[in-house]
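Working notes, beginning with the structure itself.
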Amino acid sequence: MKERLHRMRMSPDAALLRQAELRAEMMVSVLRIFVSFGLLIAFLVIVGDDAEKSGILRHQGGFVMLSLLSYLMIGVLSLWAARKGLFRAWMTWPMVTLDCLFVIVNTWVGLVSSGLPGELTFLLPPTWLVPAVLAFTLLRFNPYLQAYCVVLLVAGFGWLVFNVEMDDPVQAMARAKFLVKDPANVVRLVMISLGGVVLVAAALALRSILHRALIETENRLTLTRYLPARLAERLGAEDLTSLRQGARQEMGVLFVDIRGFTTWAETRDPTEVSAFITEFRIRVQKAARETGGMVDKFIGDGAMLLFEGAGAAARALQCSLRLSEETRDWSALRLAEGRSPVHVGIGLHWGEVFSGVVGDEDRLEYTALGDTVNTAARLEQMTKDCGMEIVVSACALDAAEAGAAVAPAREGWTALEPVFLRGRSQPVAVLGRREGTRPES
(Lines give C-alpha, C1' and ligand atoms only; values in the text may rest on other atoms or scores of the structure.)
Protein backbone atom coordinates (compact mmCIF):
# COMPACT_ATOMS: atom_id res chain seq x y z
CA MET A 1 0.00 0.00 0.00
CA LYS A 2 2.82 2.42 0.89
CA GLU A 3 4.56 1.61 -2.36
CA ARG A 4 1.34 2.30 -4.30
CA LEU A 5 0.84 5.65 -2.55
CA HIS A 6 4.47 6.54 -3.21
CA ARG A 7 4.01 5.87 -6.93
CA MET A 8 0.85 8.02 -6.97
CA ARG A 9 2.84 10.99 -5.65
CA MET A 10 5.50 10.55 -8.34
CA SER A 11 5.53 12.19 -11.73
CA PRO A 12 4.68 9.80 -14.61
CA ASP A 13 8.36 9.65 -15.62
CA ALA A 14 9.53 8.88 -12.08
CA ALA A 15 6.81 6.27 -11.59
CA LEU A 16 7.73 4.60 -14.90
CA LEU A 17 11.40 4.51 -13.91
CA ARG A 18 10.56 3.16 -10.45
CA GLN A 19 8.49 0.33 -11.97
CA ALA A 20 11.34 -0.42 -14.38
CA GLU A 21 13.81 -0.57 -11.47
CA LEU A 22 11.65 -3.06 -9.56
CA ARG A 23 11.19 -5.24 -12.63
CA ALA A 24 14.93 -5.05 -13.29
CA GLU A 25 15.73 -6.08 -9.71
CA MET A 26 13.48 -9.11 -10.01
CA MET A 27 15.10 -9.99 -13.32
CA VAL A 28 18.60 -9.60 -11.84
CA SER A 29 17.60 -11.82 -8.92
CA VAL A 30 16.32 -14.53 -11.25
CA LEU A 31 19.46 -14.29 -13.38
CA ARG A 32 21.63 -14.44 -10.25
CA ILE A 33 19.88 -17.67 -9.28
CA PHE A 34 20.30 -18.97 -12.83
CA VAL A 35 24.03 -18.16 -12.87
CA SER A 36 24.53 -19.78 -9.45
CA PHE A 37 22.89 -23.02 -10.58
CA GLY A 38 24.84 -22.98 -13.82
CA LEU A 39 28.15 -22.59 -12.01
CA LEU A 40 27.28 -25.27 -9.47
CA ILE A 41 26.54 -27.74 -12.26
CA ALA A 42 29.70 -26.77 -14.11
CA PHE A 43 31.81 -27.16 -10.99
CA LEU A 44 30.35 -30.52 -9.95
CA VAL A 45 29.96 -32.15 -13.35
CA ILE A 46 32.72 -30.69 -15.47
CA VAL A 47 35.50 -29.71 -13.08
CA GLY A 48 35.04 -32.00 -10.08
CA ASP A 49 36.98 -35.13 -11.07
CA ASP A 50 39.86 -33.41 -12.86
CA ALA A 51 40.13 -30.89 -10.07
CA GLU A 52 40.69 -33.64 -7.53
CA LYS A 53 43.21 -35.34 -9.78
CA SER A 54 45.12 -32.15 -10.45
CA GLY A 55 44.91 -30.86 -6.92
CA ILE A 56 44.31 -27.29 -8.12
CA LEU A 57 40.94 -27.00 -6.41
CA ARG A 58 41.58 -29.36 -3.54
CA HIS A 59 41.88 -26.47 -1.07
CA GLN A 60 39.31 -24.16 -2.59
CA GLY A 61 36.57 -26.66 -3.46
CA GLY A 62 34.72 -26.08 -0.20
CA PHE A 63 35.00 -22.32 -0.58
CA VAL A 64 33.68 -22.45 -4.14
CA MET A 65 30.64 -24.47 -3.06
CA LEU A 66 30.00 -22.16 -0.11
CA SER A 67 30.31 -19.00 -2.21
CA LEU A 68 28.01 -20.37 -4.92
CA LEU A 69 25.38 -21.39 -2.39
CA SER A 70 25.66 -18.00 -0.69
CA TYR A 71 25.29 -16.24 -4.04
CA LEU A 72 22.25 -18.39 -4.76
CA MET A 73 20.74 -17.38 -1.41
CA ILE A 74 21.38 -13.69 -2.14
CA GLY A 75 19.45 -14.11 -5.39
CA VAL A 76 16.54 -15.80 -3.61
CA LEU A 77 16.36 -13.13 -0.88
CA SER A 78 16.57 -10.20 -3.30
CA LEU A 79 13.83 -11.75 -5.46
CA TRP A 80 11.61 -12.18 -2.42
CA ALA A 81 12.20 -8.59 -1.32
CA ALA A 82 11.45 -7.21 -4.80
CA ARG A 83 8.22 -9.20 -5.12
CA LYS A 84 7.06 -8.10 -1.67
CA GLY A 85 7.77 -4.45 -2.51
CA LEU A 86 10.42 -4.27 0.22
CA PHE A 87 13.29 -3.49 -2.12
CA ARG A 88 14.47 0.14 -2.05
CA ALA A 89 16.63 2.04 -4.51
CA TRP A 90 19.57 2.34 -2.09
CA MET A 91 19.76 -1.47 -1.79
CA THR A 92 21.14 -1.76 -5.32
CA TRP A 93 24.48 -0.37 -4.14
CA PRO A 94 25.28 -3.17 -1.65
CA MET A 95 23.91 -5.73 -4.12
CA VAL A 96 26.27 -4.50 -6.86
CA THR A 97 29.10 -4.56 -4.31
CA LEU A 98 28.30 -8.21 -3.52
CA ASP A 99 28.24 -9.09 -7.24
CA CYS A 100 31.68 -7.56 -7.74
CA LEU A 101 33.11 -9.14 -4.58
CA PHE A 102 31.80 -12.56 -5.64
CA VAL A 103 33.95 -12.47 -8.79
CA ILE A 104 36.98 -10.76 -7.25
CA VAL A 105 37.15 -12.93 -4.11
CA ASN A 106 36.71 -16.18 -6.06
CA THR A 107 39.52 -15.10 -8.39
CA TRP A 108 41.75 -14.25 -5.41
CA VAL A 109 41.08 -17.65 -3.80
CA GLY A 110 41.94 -19.31 -7.11
CA LEU A 111 45.27 -17.47 -7.28
CA VAL A 112 46.16 -18.25 -3.67
CA SER A 113 45.14 -21.93 -3.96
CA SER A 114 47.10 -22.52 -7.11
CA GLY A 115 50.05 -20.37 -6.13
CA LEU A 116 49.80 -18.50 -9.42
CA PRO A 117 51.09 -14.91 -9.70
CA GLY A 118 48.78 -11.94 -10.19
CA GLU A 119 49.96 -11.61 -13.77
CA LEU A 120 47.89 -14.73 -14.59
CA THR A 121 44.72 -13.41 -12.95
CA PHE A 122 42.72 -13.41 -16.16
CA LEU A 123 43.62 -17.02 -16.83
CA LEU A 124 41.25 -18.05 -14.03
CA PRO A 125 37.65 -18.92 -15.05
CA PRO A 126 35.90 -16.62 -12.49
CA THR A 127 37.16 -13.54 -14.37
CA TRP A 128 34.95 -14.54 -17.28
CA LEU A 129 31.91 -13.58 -15.19
CA VAL A 130 32.81 -9.88 -15.40
CA PRO A 131 30.50 -9.26 -18.43
CA ALA A 132 27.61 -10.81 -16.49
CA VAL A 133 28.25 -8.59 -13.46
CA LEU A 134 28.42 -5.50 -15.70
CA ALA A 135 25.15 -6.56 -17.35
CA PHE A 136 23.53 -6.99 -13.91
CA THR A 137 24.38 -3.36 -13.16
CA LEU A 138 23.26 -2.18 -16.59
CA LEU A 139 19.79 -3.52 -15.83
CA ARG A 140 19.48 -0.98 -12.98
CA PHE A 141 19.46 1.96 -15.45
CA ASN A 142 21.73 4.00 -13.17
CA PRO A 143 24.90 5.46 -14.76
CA TYR A 144 26.42 6.26 -11.35
CA LEU A 145 25.89 2.69 -10.23
CA GLN A 146 27.42 1.43 -13.47
CA ALA A 147 30.48 3.65 -12.97
CA TYR A 148 30.80 2.41 -9.37
CA CYS A 149 30.71 -1.21 -10.59
CA VAL A 150 33.42 -0.56 -13.18
CA VAL A 151 35.66 1.20 -10.64
CA LEU A 152 35.18 -1.61 -8.11
CA LEU A 153 36.05 -4.33 -10.65
CA VAL A 154 39.06 -2.47 -12.04
CA ALA A 155 40.37 -1.69 -8.56
CA GLY A 156 39.85 -5.27 -7.35
CA PHE A 157 41.45 -6.98 -10.32
CA GLY A 158 44.18 -4.35 -10.45
CA TRP A 159 45.10 -5.19 -6.86
CA LEU A 160 45.23 -8.91 -7.69
CA VAL A 161 47.38 -8.35 -10.78
CA PHE A 162 50.01 -6.25 -9.01
CA ASN A 163 49.99 -7.65 -5.47
CA VAL A 164 49.56 -11.45 -5.59
CA GLU A 165 52.96 -13.13 -5.83
CA MET A 166 53.85 -16.62 -7.05
CA ASP A 167 54.31 -19.18 -4.24
CA ASP A 168 56.37 -22.04 -5.77
CA PRO A 169 57.24 -21.47 -9.44
CA VAL A 170 57.54 -25.16 -10.26
CA GLN A 171 54.31 -26.18 -8.57
CA ALA A 172 52.52 -23.08 -9.87
CA MET A 173 53.43 -23.83 -13.47
CA ALA A 174 52.32 -27.44 -13.06
CA ARG A 175 48.98 -26.34 -11.67
CA ALA A 176 48.63 -23.69 -14.34
CA LYS A 177 48.49 -26.43 -16.96
CA PHE A 178 45.12 -27.44 -15.55
CA LEU A 179 43.74 -23.99 -16.44
CA VAL A 180 44.26 -24.60 -20.16
CA LYS A 181 42.85 -28.13 -20.23
CA ASP A 182 39.41 -29.03 -21.55
CA PRO A 183 37.52 -28.89 -18.19
CA ALA A 184 38.66 -25.33 -17.50
CA ASN A 185 37.89 -24.29 -21.08
CA VAL A 186 34.43 -25.85 -20.82
CA VAL A 187 33.88 -23.80 -17.65
CA ARG A 188 34.87 -20.69 -19.59
CA LEU A 189 32.39 -21.57 -22.31
CA VAL A 190 29.71 -22.06 -19.66
CA MET A 191 30.52 -18.65 -18.17
CA ILE A 192 30.46 -17.02 -21.59
CA SER A 193 27.05 -18.62 -22.17
CA LEU A 194 25.77 -17.44 -18.80
CA GLY A 195 27.08 -13.95 -19.47
CA GLY A 196 25.44 -14.02 -22.89
CA VAL A 197 22.09 -14.95 -21.34
CA VAL A 198 22.40 -12.03 -18.91
CA LEU A 199 23.25 -9.62 -21.76
CA VAL A 200 20.28 -10.86 -23.78
CA ALA A 201 18.07 -10.27 -20.74
CA ALA A 202 19.53 -6.77 -20.36
CA ALA A 203 18.82 -6.02 -24.03
CA LEU A 204 15.24 -7.27 -23.66
CA ALA A 205 14.75 -5.16 -20.53
CA LEU A 206 16.08 -2.03 -22.24
CA ARG A 207 13.91 -2.70 -25.28
CA SER A 208 10.90 -3.20 -23.01
CA ILE A 209 11.37 0.06 -21.10
CA LEU A 210 11.95 1.90 -24.38
CA HIS A 211 8.71 0.43 -25.74
CA ARG A 212 6.80 1.44 -22.60
CA ALA A 213 8.31 4.92 -22.73
CA LEU A 214 7.21 5.35 -26.35
CA ILE A 215 3.68 4.19 -25.50
CA GLU A 216 3.63 6.52 -22.48
CA THR A 217 4.76 9.43 -24.66
CA GLU A 218 2.12 8.66 -27.27
CA ASN A 219 -0.59 8.44 -24.61
CA ARG A 220 0.49 11.74 -23.09
CA LEU A 221 0.53 13.40 -26.49
CA THR A 222 -3.01 12.13 -27.04
CA LEU A 223 -4.09 13.47 -23.67
CA THR A 224 -2.44 16.82 -24.34
CA ARG A 225 -4.19 17.02 -27.69
CA TYR A 226 -7.67 16.44 -26.32
CA LEU A 227 -7.55 17.36 -22.64
CA PRO A 228 -6.61 20.57 -20.82
CA ALA A 229 -2.82 20.88 -20.64
CA ARG A 230 -2.75 21.13 -16.84
CA LEU A 231 -4.77 17.91 -16.55
CA ALA A 232 -2.69 16.03 -19.12
CA GLU A 233 0.54 16.92 -17.30
CA ARG A 234 -0.42 15.03 -14.18
CA LEU A 235 -2.09 12.05 -15.86
CA GLY A 236 -0.53 8.80 -16.98
CA ALA A 237 -2.29 6.37 -19.28
CA GLU A 238 -3.23 4.18 -16.32
CA ASP A 239 -5.29 7.02 -14.80
CA LEU A 240 -7.54 7.53 -17.83
CA THR A 241 -9.93 4.71 -16.91
CA SER A 242 -10.61 6.10 -13.44
CA LEU A 243 -10.98 9.60 -14.86
CA ARG A 244 -13.60 8.36 -17.29
CA GLN A 245 -15.68 7.20 -14.32
CA GLY A 246 -15.91 10.82 -13.20
CA ALA A 247 -16.22 12.29 -9.73
CA ARG A 248 -18.22 14.85 -7.82
CA GLN A 249 -16.20 17.59 -6.23
CA GLU A 250 -16.30 21.27 -5.38
CA MET A 251 -14.75 23.53 -7.97
CA GLY A 252 -14.44 27.14 -8.91
CA VAL A 253 -15.90 27.70 -12.39
CA LEU A 254 -15.00 30.88 -14.29
CA PHE A 255 -16.28 32.10 -17.64
CA VAL A 256 -14.67 34.99 -19.54
CA ASP A 257 -15.93 36.48 -22.79
CA ILE A 258 -14.90 39.39 -25.03
CA ARG A 259 -17.52 42.13 -25.21
CA GLY A 260 -18.66 43.28 -28.66
CA PHE A 261 -16.45 40.78 -30.46
CA THR A 262 -19.05 39.70 -33.06
CA THR A 263 -19.72 43.26 -34.23
CA TRP A 264 -16.00 44.09 -34.26
CA ALA A 265 -15.05 40.95 -36.20
CA GLU A 266 -17.60 41.57 -38.98
CA THR A 267 -15.54 44.43 -40.43
CA ARG A 268 -12.07 42.98 -39.83
CA ASP A 269 -9.74 40.95 -41.99
CA PRO A 270 -9.64 37.25 -40.99
CA THR A 271 -5.90 37.51 -40.30
CA GLU A 272 -6.49 40.34 -37.81
CA VAL A 273 -9.32 38.40 -36.15
CA SER A 274 -7.13 35.32 -35.83
CA ALA A 275 -4.28 37.33 -34.29
CA PHE A 276 -6.71 39.00 -31.89
CA ILE A 277 -8.16 35.68 -30.68
CA THR A 278 -4.67 34.21 -30.34
CA GLU A 279 -3.58 37.15 -28.16
CA PHE A 280 -6.69 36.76 -26.03
CA ARG A 281 -6.11 33.05 -25.49
CA ILE A 282 -2.44 33.59 -24.62
CA ARG A 283 -3.46 36.03 -21.89
CA VAL A 284 -6.15 33.68 -20.57
CA GLN A 285 -3.69 30.80 -20.42
CA LYS A 286 -1.13 33.01 -18.67
CA ALA A 287 -3.64 34.03 -16.00
CA ALA A 288 -4.73 30.42 -15.50
CA ARG A 289 -1.15 29.20 -15.25
CA GLU A 290 -0.17 31.85 -12.70
CA THR A 291 -3.16 31.05 -10.48
CA GLY A 292 -3.14 27.26 -10.79
CA GLY A 293 -6.25 27.12 -12.92
CA MET A 294 -7.15 24.82 -15.78
CA VAL A 295 -8.47 26.06 -19.12
CA ASP A 296 -11.25 23.56 -19.69
CA LYS A 297 -12.12 24.86 -23.14
CA PHE A 298 -12.10 27.88 -25.42
CA ILE A 299 -15.48 28.71 -26.90
CA GLY A 300 -15.04 31.16 -29.77
CA ASP A 301 -14.17 34.48 -28.12
CA GLY A 302 -14.67 33.06 -24.62
CA ALA A 303 -13.17 30.53 -22.27
CA MET A 304 -14.17 28.30 -19.37
CA LEU A 305 -11.68 27.81 -16.53
CA LEU A 306 -11.78 25.34 -13.64
CA PHE A 307 -10.11 25.49 -10.23
CA GLU A 308 -9.73 22.53 -7.89
CA GLY A 309 -7.63 21.51 -4.91
CA ALA A 310 -6.32 23.51 -1.96
CA GLY A 311 -7.30 27.17 -2.02
CA ALA A 312 -9.20 26.71 -5.29
CA ALA A 313 -11.83 29.38 -4.60
CA ALA A 314 -9.19 31.96 -3.64
CA ARG A 315 -7.17 31.14 -6.75
CA ALA A 316 -10.26 31.40 -8.93
CA LEU A 317 -11.03 34.85 -7.50
CA GLN A 318 -7.41 35.87 -8.01
CA CYS A 319 -7.61 34.67 -11.61
CA SER A 320 -10.66 36.84 -12.29
CA LEU A 321 -8.70 39.87 -11.05
CA ARG A 322 -5.64 38.82 -13.04
CA LEU A 323 -7.75 38.55 -16.20
CA SER A 324 -9.06 42.04 -15.54
CA GLU A 325 -5.49 43.36 -15.22
CA GLU A 326 -4.35 41.52 -18.34
CA THR A 327 -7.26 42.95 -20.31
CA ARG A 328 -6.59 46.46 -19.02
CA ASP A 329 -2.91 46.26 -20.02
CA TRP A 330 -3.78 44.76 -23.40
CA SER A 331 -6.38 47.44 -24.03
CA ALA A 332 -3.91 50.21 -23.15
CA LEU A 333 -1.37 48.71 -25.54
CA ARG A 334 -3.91 48.58 -28.36
CA LEU A 335 -4.99 52.20 -27.72
CA ALA A 336 -1.36 53.30 -27.86
CA GLU A 337 -1.12 51.60 -31.27
CA GLY A 338 -4.23 53.40 -32.49
CA ARG A 339 -6.49 50.35 -32.31
CA SER A 340 -9.77 49.74 -30.50
CA PRO A 341 -9.77 48.85 -26.77
CA VAL A 342 -10.77 45.45 -25.37
CA HIS A 343 -13.49 44.77 -22.81
CA VAL A 344 -14.39 41.44 -21.21
CA GLY A 345 -17.07 40.00 -18.97
CA ILE A 346 -16.14 37.52 -16.23
CA GLY A 347 -18.48 35.31 -14.21
CA LEU A 348 -17.37 33.17 -11.25
CA HIS A 349 -19.23 30.66 -9.12
CA TRP A 350 -18.23 28.03 -6.55
CA GLY A 351 -19.98 24.73 -5.92
CA GLU A 352 -20.25 21.02 -6.64
CA VAL A 353 -19.71 19.76 -10.19
CA PHE A 354 -19.45 16.41 -11.90
CA SER A 355 -16.10 16.22 -13.71
CA GLY A 356 -14.60 13.53 -15.90
CA VAL A 357 -13.42 12.50 -19.34
CA VAL A 358 -15.99 11.55 -21.95
CA GLY A 359 -15.61 10.27 -25.49
CA ASP A 360 -13.78 7.48 -27.31
CA GLU A 361 -10.22 7.08 -28.59
CA ASP A 362 -10.95 9.36 -31.57
CA ARG A 363 -12.25 12.21 -29.45
CA LEU A 364 -11.65 12.68 -25.73
CA GLU A 365 -13.03 15.65 -23.84
CA TYR A 366 -12.70 16.65 -20.22
CA THR A 367 -15.84 18.28 -18.96
CA ALA A 368 -17.44 19.66 -15.83
CA LEU A 369 -21.21 19.53 -15.59
CA GLY A 370 -23.85 20.68 -13.19
CA ASP A 371 -25.69 23.66 -11.78
CA THR A 372 -22.43 25.35 -10.75
CA VAL A 373 -21.26 25.51 -14.37
CA ASN A 374 -24.62 26.85 -15.56
CA THR A 375 -24.67 29.48 -12.83
CA ALA A 376 -21.14 30.69 -13.65
CA ALA A 377 -22.14 31.06 -17.31
CA ARG A 378 -25.25 33.07 -16.30
CA LEU A 379 -23.15 35.35 -14.10
CA GLU A 380 -20.83 36.08 -17.01
CA GLN A 381 -23.88 36.98 -19.14
CA MET A 382 -25.06 39.29 -16.33
CA THR A 383 -22.05 41.54 -16.79
CA LYS A 384 -23.62 42.85 -20.02
CA ASP A 385 -26.75 44.01 -18.24
CA CYS A 386 -25.40 45.38 -14.96
CA GLY A 387 -22.38 47.25 -16.31
CA MET A 388 -19.87 45.20 -14.36
CA GLU A 389 -16.68 43.61 -15.63
CA ILE A 390 -16.74 40.81 -13.03
CA VAL A 391 -19.74 39.21 -11.35
CA VAL A 392 -19.13 36.61 -8.65
CA SER A 393 -21.50 34.71 -6.41
CA ALA A 394 -21.38 35.48 -2.70
CA CYS A 395 -20.63 31.82 -1.97
CA ALA A 396 -17.56 32.01 -4.23
CA LEU A 397 -16.29 35.05 -2.35
CA ASP A 398 -17.03 33.37 1.00
CA ALA A 399 -15.21 30.21 -0.07
CA ALA A 400 -12.25 32.32 -1.23
CA GLU A 401 -12.05 34.01 2.17
CA ALA A 402 -12.27 30.65 3.95
CA GLY A 403 -9.59 28.98 1.82
CA ALA A 404 -7.06 31.79 1.53
CA ALA A 405 -4.12 32.36 3.87
CA VAL A 406 -4.89 36.07 3.61
CA ALA A 407 -8.57 36.90 3.10
CA PRO A 408 -9.20 38.81 -0.14
CA ALA A 409 -10.24 42.42 0.32
CA ARG A 410 -13.95 43.17 -0.01
CA GLU A 411 -13.28 46.71 -1.17
CA GLY A 412 -14.21 47.33 -4.77
CA TRP A 413 -17.03 44.78 -4.78
CA THR A 414 -20.58 46.03 -5.05
CA ALA A 415 -23.50 43.99 -3.81
CA LEU A 416 -26.01 43.46 -6.63
CA GLU A 417 -29.61 42.45 -6.62
CA PRO A 418 -29.97 38.69 -5.94
CA VAL A 419 -30.44 36.71 -9.13
CA PHE A 420 -33.27 34.26 -9.68
CA LEU A 421 -32.06 31.45 -11.90
CA ARG A 422 -34.15 28.83 -13.64
CA GLY A 423 -34.35 25.63 -11.61
CA ARG A 424 -33.53 27.36 -8.30
CA SER A 425 -36.10 28.11 -5.64
CA GLN A 426 -33.82 30.61 -3.89
CA PRO A 427 -32.06 33.62 -5.43
CA VAL A 428 -28.27 33.70 -5.79
CA ALA A 429 -26.51 36.50 -3.94
CA VAL A 430 -23.98 38.15 -6.23
CA LEU A 431 -21.37 40.91 -6.16
CA GLY A 432 -19.90 42.91 -9.02
CA ARG A 433 -16.74 44.79 -9.84
CA ARG A 434 -16.55 47.54 -12.40
CA GLU A 435 -13.96 47.71 -15.13
CA GLY A 436 -10.80 49.53 -14.09
CA THR A 437 -11.31 48.91 -10.35
CA ARG A 438 -7.92 47.92 -9.01
CA PRO A 439 -7.73 45.42 -6.13
CA GLU A 440 -6.49 46.69 -2.79
CA SER A 441 -2.83 45.86 -2.17
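Once the Cβ-Cβ distance of Ile299 and Arg83 is raised to the sixth power relative to R0 = 51 Å, the FRET efficiency obtained is 0.50.
One chain, two ends: Leu189 and Glu401. Fully extended at 0.36 nm per residue, the span grows by 68.8 nm beyond their Cα-Cα distance. Taking a ≥ b ≥ c as the square roots of the eigenvalues of the Cα gyration tensor, region 263-394 is classed as prolate, since a/c reaches at least 1.5 and a/b is larger than b/c. Each of Thr97, Thr383 has its accessible area taken with a 1.4 Å probe; listed largest first, they run Thr97, Thr383. Taking 0.36 nm per residue of sequence separation and removing the Cα-Cα distance, the Asn163/Gln381 pair yields an extension gain of 69.7 nm.
Residues whose amide H comes within less than 5 Å of that of Leu416, counting only those at least five positions distant or on another chain, are Val430, Leu431, Gly432 (H built at 1.01 Å from N in the peptide plane).
At an R0 of 22 angstrom, the distance between the Cβ atoms of Arg424 and Arg248 translates into a FRET efficiency of 0.70. Rounded, prolate or oblate: which fits region 128-170 when a ≥ b ≥ c are the square roots of the eigenvalues of the alpha-carbon gyration tensor, with rounded for a/c under 1.5 and prolate only if a/b beats b/c? Verdict is oblate for region 128-170.
Accessible area ranking (1.4 Å probe, heavy atoms, ligands and nucleic acids excluded), largest first, for Lys384, Lys286: Lys384, Lys286.
Summarising the amide proton neighbourhood of Thr291: residues at separation of 5 or more, or on other chains, whose placed amide H is nearer than 5 Å comprise an empty set.
In plain terms, the chain from Phe122 to Arg23 could stretch by 32.4 nm, reckoned as 0.36 nm per residue minus the Cα-Cα distance.
Here's how it looks for Val344: its modeled amide H is under 5 Å from those of Arg259, which are all 5 or more places away or on a different chain.
The values are calculated or read from the model by the stated rules, or taken from the named source; none is laboratory data. Everything numeric in this text was worked out from a predicted model, so none of it was measured. Backbone-built Cβ (ideal geometry, glycine too); neighbour counts: all protein chains shown. Note: areas computed on protein heavy atoms with side chains; ligands, DNA, RNA excluded. Shrake-Rupley method; radii C 1.70, N 1.55, O 1.52, S 1.80 Å.
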